[in-house]
Structure formats: C-alpha cells, structure tokens
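Enquirer: First the structure, which I've put down as structure tokens, then a few questions once you've had a look.
All of the numbers you see were taken from the coordinates with simple rules; none came from a lab. All values derive from a computational prediction rather than experimental measurement. Methodologically, a virtual Cβ is constructed for each residue, glycine included, from the backbone with ideal geometry; neighbour enumeration extends over all protein chains shown.
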Amino acid sequence: GLDGPMLEVLQTRFFVLPFGQGRWENPSESWRMAEVLGAKGVPNRVDPWGKDYDHDWPTWREMLPLYLDDLVA
C-alpha cells in the first residue's frame with residue numbers, strides 16, 4: 001500500500017489528472033485514481049476534456065502547455 005514517508009511527500013504535492021474522452025480513453029480510471037489519492041489525503045483535481053481528445057500525442061501536446069504552471073508551481 002501507499003503509506004509512510006512516501007505518502008507524506010505525496011500529501012504535500014498537487015496532482016492534476018487531465019484526460020480526453022475520445023478514442024483509447026478510459027475516463028473511469030482517472031476518476032478512480034482521484035478517489036484513491038483523495039482517500040489517502042493527496043490533493044488532486046480531475047480535468048476531463050471533450051470527446052474530440054483522444055489518448056494520443058496531439059491531445060497531450062495541446063494539454064501540456066496549459067498545465068505547465070501547475071507542474072512547476
């Protein structure tokens with residue numbers, strides 16, 4: 001399980017879980033991850049995108065610049 005010093009570190013971080021809802025996506029997995037993190041006291045935010053965003057490089061290239069501030073804060 002996720003406990004001890006590593007959990008304490010994760011509880012001081014903020015996780016953004018963006019995902020598309022197009023081809024090759026499984027949105028329920030992102031929600032499940034958020035629930036697991038939240039139950040352990042790890043701050044997170046789920047950010048669903050639309051059905052036009054597939055689980056593929058073009059989507060990630062569009063997403064990354066929007067989340068860079070969250071990643072380096």
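Enquirer: For segment 28-64, what are the residues that are touching a residue at least 12 places away in the same chain (Cβ under 8 Å), farther than 25 Å from VAL9 by Cβ and among the small types (Gly, Ala, Ser)?
Expert: GLY50
Enquirer: For LEU2, are the conditions met, namely being assigned to a loop (DSSP other than H, G, I, E, B) and not small (Gly, Ala, Ser)?
Expert: For LEU2, the condition - assigned to a loop (DSSP other than H, G, I, E, B) and not small (Gly, Ala, Ser) - is met.
Enquirer: Of (1) touching a residue at least 40 places away in the same chain (Cβ under 8 Å); (2) not in a helix (DSSP H, G or I), TYR67 satisfies all except one. Which?
Expert: So TYR67 meets the others, but not (2).
Enquirer: I want to confirm something. Restricting to segment 1-26 and keeping residues that are among the aromatic types (Phe, Trp, Tyr) and within 19 Å of TYR67 (Cα to Cα), which single residue is surrounded by the fewest Cβ atoms within 10 Å (Cβ to Cβ)? Full working, then the answer.
Expert: The initial filter retains those residues of segment 1-26 that are among the aromatic types (Phe, Trp, Tyr), namely 14-15, 19, 24.
Applying the additional criterion that residues be within 19 Å of TYR67 (Cα to Cα) yields 14-15, 19.
Numbers: PHE14: 12, PHE15: 15, PHE19: 20.
Out of the qualifying residues, it is PHE14.
Enquirer: From the set of residues in segment 27-49 that are in a helix (DSSP H, G or I) and among the polar types (S, T, N, Q), which is surrounded by the fewest Cβ atoms within 10 Å (Cβ to Cβ)?
Expert: First, pick out the residues of segment 27-49 that are in a helix (DSSP H, G or I): 27-39.
Imposing the further condition that a residue be among the polar types (S, T, N, Q) reduces the set to 28, 30.
Values: SER28: 8, SER30: 17.
Among those residues, the one meeting the criterion is SER28.
Enquirer: Are any residues in segment 50-64 assigned to a helix (DSSP H, G or I), surrounded by 10 or more Cβ atoms within 10 Å (Cβ to Cβ) and of a type outside the set (Ser, Thr, Tyr), and if so, which ones?
Expert: Passing the criteria: PRO58, TRP60, GLU62, MET63, LEU64.
Enquirer: Right, here's the next one. When LEU17 is evaluated against the numbered criteria (1) outside any helix (DSSP H, G or I); (2) hydrophobic (A, V, I, L, M, F, W, C); (3) out of contact with any helix residue (DSSP H, G or I) (no Cβ under 7 Å at 6 or more places or on another chain), which criterion, by number, is the only one it fails?
Expert: With (1) outside any helix (DSSP H, G or I); (2) hydrophobic (A, V, I, L, M, F, W, C); (3) out of contact with any helix residue (DSSP H, G or I) (no Cβ under 7 Å at 6 or more places or on another chain) applied to LEU17, the lone miss is (3).
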